[in-house]
Every structure is written in C-alpha cells, then in structure tokens.
Amino acid sequence: MRTLQKFHGGVHPPQHKAESNCLPILAAPLPKRVIVPLRQHLGTPAKVHVKIGDHVLKGQMIGIANGYISAAVHAPTSGTVSAIDLHAIPHPSGLPDLCIRIEADGEDRWIEHQAVDYKTADPDTVRAVLRDAGIVGLGGAAFPTYVKLNPGQQGKIRTLVLNGAECEPWITSDDVLMRERAAEIVEGIKIMAHLMQPEKVLIGIEDNKPEAIAAMQAVCRSVNLEQAANFEVVPVPTLYPGGGEKQLIKVLTGKEVPSGQRPLNIGVVCANVATAYTVHRAINHGEPVISRIVTVTGNVQRPQNFEVLIGTPLGEIIQLAGGAAADTSHYLIGGPMMGFDLTNLDAPLTKATNCIIAASPALFPPKPAAMPCIRCGQCAQACPADLQPQELFWFSQSKNFDKACAYNLFDCIECGCCDYVCPSHIPLVSYFRFAKSEIAMQNCEKAAAEQAREHFEFKKQREEREKQEKAARMAEKAAAAAAAKAAATANGEAEDPAIAAKKAAIQAAVERTKAKKAEAAAAASTNTTEPS
Amino acid sequence: MRVQAGEEANEKGAYFGLAMLTAILVMVLLAVVLGAILGFASVKFKVEGNPLVEKVDAILPQTQCGQCGFPGCRPYAEAVASGQAAPNLCVPGGDKVAKSLADLLGVEFQPVGGAEGAGPKPKRVAFIDESACIGCTACIKVCPVDAIIGSTKLMHTILIDRCTGCELCVPVCPVDCITMEPIKADLATWKWRYPVFELKKAA
Amino acid sequence: MSSPHILTAGSKVSTIMLLVLVALLPAIAAYYFFFGPAILISLTLASATALATEAMMLKLRSYPVKFFLADGSAILTGWLLALSIPPLAPWWLIVVGTAFAIIVAKHLYGGLGNNLFNPAMAGFAVLMISFPAIMTHWPTPLMLAQHPVGLAEALRYYFSGALQGVNLDAVTMATPLDTLKTQLSLQHTVGEVKHMPIYGSFGGKGGEVVAAMYLLGGLFLLQQRIITWHTPVSFLVTLALVAAVFNGINPTHYASPMFHLFTGGAMLGAFFIATDYVTAPTTPKGKLIFGTGVGILEYVIRVFGGYPDGVAFSILIMNAAVPLIDAYTQPRVFGHNT
C-alpha cells in the first residue's frame, strides 16, 4: 500500500455524482451542423486549413497546429464548410471566436486513416501524430498533449501520473469512461509510458469512484502480468481540489511542483485519463479528437453522460438529456467550483467541455450579499496552495498589485475553496482573477511600451545616421567641388607654358596696342610741330 | 541650615553642570559617528547617473507622441526628473500616469489637462484607408516607431502591433485617409472585471 | 456570475457571532449563580446600547442598517464589555463604555472588519482610566455576602445610584487579584492571603467557576472550529510559565500558575477576546506570537503594574502589533522553498 501525502486545506462540497453516473455512456445522434472553434486549446489558435464551400470528410484536418504550443482541429463529421467566422463559444467572457461551420451531409464518411505502430516509430513522429490528431488535455486546461509528452532536456521522468480524480462535484465523465473503457485508457497510458519511459505509472482516482477504481485495477493487473508493466491504481481520499494537477502530484509522490514551473521540472508528467483514451484512439486507430464524453446533469430530465461530436451546439446536447426543467435559470459549463456561466446555448461543445449543468435557484441558490472581510482565516485554512486569501483580497480589492504579487497571487489555482468557506460570502476568486488579468495586461503593456521605446530609439538612430550620411554626402559633394576647383587650379599651374604663352600673347597684344598708341601720339606731335 | 542649603544648591549646580556636559559630549559624539556613517555610505553606495529619469521613463507609456511638448518620452522623462516639466503633461497616459509620477516625485497630483482631468483614453490604433492613400510618405516620416510601411507612390499600411496610437500621423496626411480605430475586444485582450461588491445596498 | 457557484451551507458571519454568544452562556449562568442577577441588567444595557449605537453609526455612514445589525457583532462587543466590568454599577458606566467601543473603536476605524483595536477592550480601557474607583467595586460572591443584592435592588442601584439600607461597600469588594496585590504590599505572604474567605480552591471564590465556564465555552468554540488552538494555548501556557518561574523563585510573593489562570479575565481573554478575528493575526505562527505576547504582558501588568488586571491593556498593546506580526509570519506557499 502506497503511503499518501496530504495537501493543505481543501473542502468537501456535496458530491452530486450519483445523478449522472448510473447510466451508461450514450452516443449522441449526428447533428445537422457542427461549429468547430479554432481555439480549443491553450496557446495559439489553429490556422484555418479549408475554404468555404469545401467538402470535408469526418476526421479531416480543418485547422492546422500553428506554432509549438498549438494543436490541430478536425471535421467531426463529413459535410460542407458553410462559414468561417466569429461564433459564440463556451468561454467565461461570452465573446465570440473564429469557428469553422460545417453543414453535415449525413453520411458521416471517414477520411482514410490508419494506426501508427508507436513501438517502432520514432518518438518525435508519434508526438507529431498526436499534435496533428489534435490531442489536448481533457481535464480542463486543454494544454497540447504532445508538448507535455516531450521529456526534452529534463532527462529521466520518474513518475507518470494519470489523473482520474475528478474532484469537481456533479461531473462524472471520467468516472463513466473509466468504468466502461478502462482497457482503452490503459492502452493510451501504455503509449504515454512508451514515450516518456517513466520509472512508475500512478493512476490516481478519488475513492468516491469504487467502480472506476475496480475497473481500472482489473485492466492494470492483467496488463502488468502480461507485459511486465508497472501500472498502479491509487485510490486517493475524496477532497476537493484533489484532482488539481499540483495537488494530485503532491498526494501521490509527496513532491511539490515549484512555483511557476511545470511538473516536468520535478520529473513528473501528469495527464488526464480521458486524454489517455484519446491518445489510444489517435495512435492505435488513427482517429483524431472529434468527440468527447460530456456529463449533462443538474436540472435536466435524465442526467447522463453522452459521447458527443465536438462542435455540436450545447443546446442540442441538453435536449439529449430530456431538456432542462422549467425552473432552470442558467447553465454552467464545467463544475460548480470552477465552471462558468454559459451565455449562449448556440455555443458548440469543445474539447475541454466536460460537463453541462442546468442550474435552478433550488440547486444553486443565488449568492447572498457580501459582507466585509472579518479576517476569520477560514479561507487560509481551506486554501490548497497555502495562500492567505484574506491578504490577497485586501490587496486585489485596493488594486495594490505589487503587494498582491509579493503575497504570491500567481500561485492561486482559482479552485474556489476560499469562496466556498467564506462566511462573509466575498467573491474572492473573482477578485483574484481580476487582479491576475490586470497584472498580466499591465505586463503586456509594459512589454509593448518597451518595444515602442526600442522602435523609437531605433528610428532616432536611423534618422541620426541618415542625417549624418546626408551630411557626409553633402560634405563629399562640397569636397568634390572644392577638389575639382583645386584640381583646376593645380592643373593650371602644371600646364604653365601654354598659359604663359597665352599670357605672353595677351601681354604682347597689350604691348602692341600700347606701342601703336604711342606711335600714333608721336606722329600727331610731330605733325603739330611742323607748322609751328 | 542656610549654609547647608547653599552647599546643596552648589552641589546640585555642579551636578547638573556635569550632567549637561556629559549630555552634550554624548550628542556630539553621536553626531560625529552618524555623520561618518552617512558620509561613508554616500561614497560607498554612490549611484551613477540619475535613476529618477529611468523610473519616470518606465512609467511613461512610450507612445512617443510628443503631446507633452517634448520630442518623445525620454526627453520628457528627463525634464520631469529635473523639475523642468510638470508630471501631468502625458496625454496618452492620462491621470493614471500623472498619479504615478506625482507619487514618485512626492508632489501633489494634478489631473492631466487642467481641472476636468482625463482618464487614459481607450487604446486606439491608426488605420489607413488604403483606397484613398496617395503614397506621399508624409505619415511614414512622422511615425515615431516605424509602424507604417510603404514607399513613394505606393500604398501605405499600419503595423497594428507596433502602433502606439500617438496620432502623429493623422494631421500630416494630405488626403485625410488616416483614422484612429479602437482595438476590438477579443479573447486575447479580454480581462476579468472588477467584482461588484454588494456592500452598500441602499440604506 | 463567476465561479464558484456554491457556498458552504449555513456559513455566515451571524452564525459565527451567534455561536460565540452561545459559548458565553455557561459562564453567564455561573456568574448569575455566584454573583447575583446584576449581570443580567448590565448585559441587557450593553446589548441595547450596542444595537442603538451600531444602528446610528450605520445610518450615518449610509450602510444598510438591518443587514448589518443582524450580523450580531455589536451585541458580542456589548456582552464582552459587560462581562469585563463590574456588574453592579451606575447605568451610564456600561452605556459610555459600549458607546465608545462601537462608535470610536469600531466605526471610526471603518466598521466591521476594519478596526485595529478590539472594541470591547478599548471601551474597557476608557472606563478603567476614566472611572477607576467604580471599576474596582465588584459584587461579593453570594455565599460570602451578608446582604445579597436581588434583581429589584440591583435595578434601583443601576438607575438611582443608591442601595436601600446598606452602602455600596457592604455588597462589593475588591477582586481577588486586587486584594492579593494590596495584601502583598502590606507584607503578607501569598499563603496567608489565600486563606482569606474570598479565595476558592485555586482562584477567587465563584470567580474560578466562572473562569472554568469560559474555558468550557472556549473548548466548544474550538470544537466548532470557530477559533483555532494557537492563540488561547500560547496565551495561557505563556501566562502559566511566567507565573511558574516567579512562583518558583519566590512562592511567598508570587501566586501559583493556577491562580493566575483562573482569576481575573485570563480565560475570557484567552478564548473570547484575544481570538477576535478582526484584531488578531491570521497566520498560525502569528497567532502563537500574539498569544505569547499577550501572556507575558498580562502577567507583567497584573503583577508589577498599577492595574489589578492586565488582559485589556495587554491585548490592546498586542493589537497594535498585529499588522507587523502578520506581515512577518506569512506561511510557506505551495511550491516555494522558504
């Protein structure tokens, strides 16, 4: 039995898992139209790879990975590209983003695709396949998986952690996936383990999912026996946010990911079990990420998990669960602790959307008015990052961002534990998000100002240089003119005889004239003397 | 009795005299020691250059627009640091920058542009109506950050990422084809808002 | 609305305040049992004054009055002050103290959550400095009293300032701590003094039971996770340790640790006042430093100072140091080395 570590704080919100995890995964019918956002992952959005009017096949790449931290997107079904424009997406901002709309032709015809033998292939090739299959972390942050599965310069990877904790209340998509498709998940884990060559593989599952634990353990046992692998399923205590990457790594390995660094820095790689499933589909079947399991729960008629094509409008997915009850006030994307309000039911399902909750005032009572902070410290006791939220709140509220940073605001994982326990009902995480995005923006502006300064200096230098060059050119011209003149003078001196001759000639002419005048004068004088 | 009292008084006087002398000596000694430390520190930790200029320059938005009356942000920073210019002349920075500069210099904050004040303007960038552009290069010459590309008789265009929104190019265009357009809010520039703190709900 | 979308059920400021009030009830019951019904009058007066001044200040500051009155913090301040001052006193004493606590110490500092000093203790300090004579007249425990003061008589004294048949000195006396200090200055030993009738098994007669009830209430708050162990434990342990050292050096002149723990306001201070959220540190290490500081100051003021007890002043002094303590005791953050 592995000895588990603890992380500080955490809370026990009501689970609400039983509503949706009793029924098996149901495959959703083919939608008439899919809307595929190009930004479904952390990093640069994918680059459009089709034109309006193109006919695309299921699984065809329609957005190509753009840059290192990026991933491709694919046509979830066959059909015709009808538009490439801004469309509502599930995002807390409610802002639209660039999406490719495909009108399904109903044939759902696959593009030609094939498995890759990952054991013989070059690891870089396998990673490229993962990138082009659009594999991203399905736990929530949607970080491109091929980047994560690159040990790089780090060398030895000690532990590969598979995250099956699913600590958020209401969500059961990983739970049912592990129950029903444990073998496929483990195939995916094998591919990841092959790429990373870790010393051990730990699959962390919260102990409120005994069926999932049993299913995964059964598969791992046989895989370990047959293939001398060392996959260990570790039930971890149910404590939110035990499925946070850093928290799960701490619980399983006892190591803390240093602030501002990635697990790779301590020789750990952590991936979601659902991601492992998509890795298996991509490598062993050649299928890119074009569908996912999503929990539809809360105030709906039949809460259940569905396997839905990416790009399916969320409103249609809610209808699959029998539609929302009459007193539904709004919808949440993700869980109640970290999820956000859905502003538009036309927004499509994305790779990171793991849960849709229909909310009613009975299930999610409106927050009472906030009182002043009384410094009770319950938030600090609940914080899984060992922060002092009451201090961060004070600084964020007064926009004292330097102080907020000094108190490690950026170590906040926005899990919501502090809000959850606050007796004054202060929206602490909202303040932290505000402060974080404000600081990020200020840093951006600072960098932009720095750039502008450089450009300005550069332009000034260039102008200075141009002026100098101009001056130099002018000087050169002047010098050339002067030189020509000087040269002319010098030449004159050199050709002395000619000029001398000329001068002599002129001189002679002048003399001659003078002589003539003198002669004439003499003659005149003689003439006048004669008569006298 | 009387004599005794007098002696006592004398003694007291002498005592107080001594105490005073000691006190003065201690103070003098203290002054000397502290003075020596200060002098040593001023030599040892001497700062080269004028760090204030750097600090002021770091606060300025670097739009290089010249609306302060100085040719660029750095010259303005130098003027502010040396006390030759008021800290509330930066128009693009608005009251926010004026406030930071006032705090830095320890002077009273004065709003930009007189009493009514000016918030930082929403960030805008120049936009060239390319159908109207005659390719005169006038704008290219005035752009302080080389954000306009093009050449004589050829259409000009703005590099949005470089444009600081200084508006210097707007007045020089002979055909008035440059306008300032606000940057559209998108996911890359989206920010979380300040939470509404429902404390004072109507008394 | 941004996440999280759920809150802990029933977690409210008013719930916390209510639980603290509940935790005070056993001590109030013991108070009533040993010292008569006068305490009920002072609690009532304090509550009324607290609510009235709180409402007035909220109105003046244009805050929602009903919303904030319901949080219970004003009543708690009133109760803590009433339990700290003599229960048999003119009506205006408790009114002045409570009004000062709410108006000056709480609202002029920014209201709930913003005050630097504990309002109840600030009110106590004002009364102690302004009306020292009244503040030393404590009712005699009922089992020692020849003339027990009933409810009607207490009421009469409250509002007319006179008792029927007896004068105030006949029904009141100095506190055990005060008596000890006076007697020690008269060259008696601790042993001799402790044989006086007002002393019980380890504290003052009656008073030690009240102190035990504060301890009980404090344990209830710990169990309810309203307070953490850091402040009361460090406070009481420090007080006991310092007392033990002096007691060890000279037992004839310095009372035992037990005596110090169970007399005066030590228990009330440790569990109910030094643990006040707003004016105490929030970090665990900070709470330990705070409690230790209060413990040392408490002993020093009590034994060497001019006042019979030092809880209020020691807490007020440490209150002033709280921002500094918090700033220097920030715990290690996840993923950081130091």
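Sort C:Met56, C:Met173 so the one with the fewest other Cβ atoms within 10 Å of its own Cβ comes first. Intermediate results must be reported in sequence, preceding the final value.
Numbers: C:Met56 15, C:Met173 19.
Exposure proxy ranking, most exposed first: C:Met56, C:Met173.
Tell me whether the protein assembly as shown comes out rounded, prolate or oblate; compute the Cα gyration tensor, take square roots of the eigenvalues as a ≥ b ≥ c, and use a/c under 1.5 as the rounded threshold.
Values: a/c = 2.69, a/b = 1.38, b/c = 1.96.
Oblate, because a/c is 1.5 or more while a/b does not exceed b/c.
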| said: Per residue of region A:103-113, what does 6.51 cos²θ - 1.76 cosθ + 1.60 with θ = phi - 60° give for ³J(HN,Hα)? Whole Hz please, x for Gly and Pro, Karplus curve as stated. | reply: 8, 5, 8, x, 7, 6, 8, 6, 7, 5, 8
| What is the ratio of the Cα radius of gyration of region C:12-173 to 2.2 N^0.38 Å, where N is its residue count, to two decimals? | 1.07
| task | May I ask you to derive the relative contact order of region A:115-287, considering only C-alpha pairs under 8 Å and at least 6 residues apart, and to give it as an integer percent? | result | 35
| Mean Cα-pair separation over length for chain A, i.e. relative contact order, pairs under 8 Å, 6 or more apart, % | 16
| task | Counting helices only, and only those DSSP H runs with n ≥ 4, report the 222 nm mean residue ellipticity of chain C as the sum of -39,500 (n - 2.57) divided by its residues, in deg cm²/dmol to the nearest 500. | result | -18500 deg cm²/dmol
| remark: What helix-only [θ] at 222 nm does chain A give? Using -39500 (n - 2.57) per DSSP H run of at least 4, over all residues, to the nearest 500, the answer is -13000 deg cm²/dmol
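Quick one: grab the alpha carbon gyration tensor of region A:115-287, order the square roots of its eigenvalues as a ≥ b ≥ c, and give me rounded if a/c is under 1.5, else prolate or oblate depending on whether a/b is larger than b/c. It would help to have the intermediate numbers written out before the result.
Working: a/c = 1.44, a/b = 1.16, b/c = 1.24.
It comes out rounded by the Cα gyration axes.
Among A:Glu287, A:Glu476, what is the fewest-to-most ranking by other Cβ atoms within 10 Å? Can you show the working numbers first?
Details: A:Glu287 20, A:Glu476 12.
So the ranking, lowest neighbour count to highest, is A:Glu476, A:Glu287.
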| Surface/4 estimate of mean projected area, convex hull on alpha-carbon atoms of chain A, nm² | 48.8
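Given a Förster distance of 45 angstrom, what is the FRET efficiency for A:Ala121 paired with B:Val170, based on the Cβ-Cβ distance and rounded to 0.05?
Values: r = 58 Å, r/R0 = 1.28.
Efficiency at R0 = 45 Å is approximately 0.20.
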| Most fluctuating residue given options C:Ala270, C:Ala327, C:Ala122, as computed from a GNM of chain C linking Cα atoms under 10 Å | C:Ala327
| field | Cα-Cα over 25 Å, subset of A:Lys200/A:Lys351; A:Lys399/B:Lys191; A:Lys47/A:Lys460; A:Lys477/B:Lys153; A:Lys403/B:Lys55; A:Lys17/A:Lys246 | value | A:Lys200/A:Lys351; A:Lys47/A:Lys460; A:Lys477/B:Lys153
| Summing Lys, Arg as +1 and Asp, Glu as -1, what charge do residues with Cβ under 14 Å from the Cβ of A:Leu252 carry, A:Leu252 excluded? | +1
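Taking 8 Å as the Cα distance limit and 6 or more residues as the minimum spacing, I'd like the relative contact order of region B:51-105 as a percentage. Write out the running numbers ahead of the final one.
On the way: 63 pairs, mean separation 18.1, N = 55.
With pairs under 8 Å counted, the relative contact order is 33 percent.
Got a sec? How would C:Lys285, A:Lys156 order by Cβ neighbour count within 10 Å, fewest to most? Please report the intermediate quantities before stating the final value.
Details: C:Lys285 15, A:Lys156 10.
By the 10 Å Cβ count, ascending: A:Lys156, C:Lys285.
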| note | Counting only residues 5 or more apart in sequence or on a different chain, those whose built amide H sits under 5 Å from that of A:Leu349 are A:Gly311, A:Thr312, A:Leu314
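Less than 13 Å Cβ to Cβ from A:Glu206, Lys/Arg counted +1 and Asp/Glu -1: what total charge do the surrounding residues give? Let's see the in-between values first.
Numbers: positive: A:Lys17, A:Lys209; negative: A:Glu166, A:Glu168, A:Asp174, A:Asp175, A:Asp207, A:Glu211.
Charge balance near A:Glu206 sits at -4.
Label region A:227-356 by shape, choosing from rounded, prolate and oblate, from the square roots a ≥ b ≥ c of the eigenvalues of the Cα gyration tensor; if a/c is under 1.5 it is rounded, and otherwise prolate applies when a/b is larger than b/c, oblate when it is not. Provide the component values of the computation, followed by the final result.
Values: a/c = 2.26, a/b = 1.60, b/c = 1.41.
Here region A:227-356 falls in the prolate category.
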| With springs only between Cα atoms under 10 Å, which of C:Ala240, C:Ala52, C:Ala30 fluctuates most in a Gaussian network model of chain C? | C:Ala52
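Read the figures in this text as sums done on the coordinates, not as results from a lab. Source: prediction; values computed, not measured. Don't worry about glycine lacking a Cβ; one is built from the backbone with ideal geometry, like all the others, and counts go over all protein chains shown.
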